[in-house]
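Read through the structure below, which is laid out as structure tokens, and then see the notes.
The values are calculated or read from the model by the stated rules, or taken from the named source; none is laboratory data. Keep in mind that what you see is a predicted model, and the values were worked out from it rather than measured. So basically every Cβ, Gly included, is an ideal-geometry build from the backbone, and we count neighbours across all protein chains shown. SASA here: full protein model, heavy atoms, side chains in, ligands and nucleic acids out. Shrake-Rupley method; radii C 1.70, N 1.55, O 1.52, S 1.80 Å.
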Amino acid sequence: QVQLVESGGGLVQAGGSLRLSCAASGSIFSIKTMGWYRQPPGKQRGLVAFITSGGSTYYDDSVKGRFTIARDNAKNTVFLQMNNLKPEDTDVYYCNTVPPTSNYWGQGTQVTVSS
């Protein structure tokens with residue numbers, strides 16, 4: 001059974017940086033497109049960025065130029081480097097496959113950006 005565990009969130013001032021990590025169990029990780037999602041209060045989770053097994057990346061316009069997604073297949077880990085954070089980036093961040101697999105959702109990691 002695949003488990004995804006997110007970490008690295010926290011409280012940071014606007015303009016600061018955080019690096020999120022998502023550790024995956026299971027051997028399927030290296031062949032899957034992996035993404036980071038976030039869920040604003042009262043709204044559905046939305047895709048922030050993804051990275052294919054071959055390393056191609058996609059970013060939502062709201063984070064383009066500020067966030068960088070990367071993966072280490074040997075360690076079954078996907079990262080999200082977040083720079084120049086803004087208060088509107090405050091959310092719970094989750095990782096999952098793209099498209100998402102319903103039973104892979106983890107607890108997420110809270111990112112709070114103060115103004």
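See the values below:
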read-out: Whichever residue in the range 59-77 is among the hydrophobic types (A, V, I, L, M, F, W, C) and at pLDDT 95 or above and, among such residues, is most open to solvent (accessible area, probe 1.4 Å); value: Ala70
read-out: When residues of the range 78-91 are limited to those that are surrounded by 14 or more Cβ atoms within 10 Å (Cβ to Cβ) and without any contact (Cβ under 8 Å) to a residue 60 or more places away in the chain, the one nearest to Phe29 (Cα to Cα); value: Val78
read-out: Hits in the range 9-46 - residues which are among the small types (Gly, Ala, Ser) and within 12 Å of the chain's Cα centre (by Cα); value: Gly9, Ser21, Ala23, Gly35, Gly46
read-out: Some residue of the range 18-40 being touching a Ser or Thr at 6+ places or on another chain (Cβ under 8 Å), free of Cβ contacts under 8 Å to residues at least 40 places away in the same chain and in a loop (DSSP other than H, G, I, E, B); value: no
